[in-house]
Amino acid sequence: MISIHNEEENAFILDTLKKQWKGPDDILLGMFFDTDDSSFKWFDKSNMTFDKWTDQEDGEDLVDTCAFLHTKTGEWKKGSCQVSSVEGTLCKAAIPYEKKYLSDNHILISALVIASTVILTVLGAIVWFLYRRNLDSGFTTVFSTAPQSPYNDDCVLVVAEENEYAVQFD
């Protein structure tokens, strides 16, 4: 029989019942009242860590009392374990789980991605190290994007003077 230990489990059961259950509104939970220590206990002997009782009078006789889940509200209520009209009981069952492993292709692709990431990281570190070493050694490389004249400064001046001279004679 089922035991419910938190709100998420209770909501999951309620949601599942709303989709699939066509029976009565109250379903027997795996909980009973233990007269030896005057408390409710789960049949699977797990601890009572959660409850969702409806507002009921506590003055009732609790001998042969079990817990029921109301399928519309998700609240629990107390009722007789001897009720002959109990048509539904919630049970837990283990579902076999088949663990699927990655195929050889997926493992190979994962290994290639990891290896290429490591290689690129190492190459980046080497380039950074060489760049920093070049800066620390005092050598600087100057890159200029300004266009360079094919003439040196003296030549440009001479050409300019010749042009001025030629203009004066015209």
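Kindly evaluate Lys22 against the criterion of being closer than 21 Å to Met1 by Cα and modelled with pLDDT of 80 or more. In short, no. Residues of segment 43-60 include at least one that is exposed (fewer than 10 other Cβ atoms within 10 Å of the Cβ), among the acidic types (Asp, Glu) and modelled with pLDDT of 75 or more.
Gly88 fulfils the conditions (1) at pLDDT below 75; (2) farther than 19 Å from Ile4 by Cα except for a single criterion, (2). Contact map, segment 3-18: first residue within 16 Å of Thr89 (Cβ to Cβ) and surrounded by 13 or more Cβ atoms within 10 Å (Cβ to Cβ), second residue charged (D, E, K, R) and at pLDDT below 90, Cβ cut-off under 7 Å, separation 6 or more or different chains; pairs are Ser3/Asp44.
The values are calculated or read from the model by the stated rules, or taken from the named source; none is laboratory data. Remember, it's a predicted structure, so these values are computed and weren't measured experimentally. When we count neighbours, we look across all protein chains shown, and the Cβ atoms used for this are built from the backbone with ideal geometry, even at glycine.
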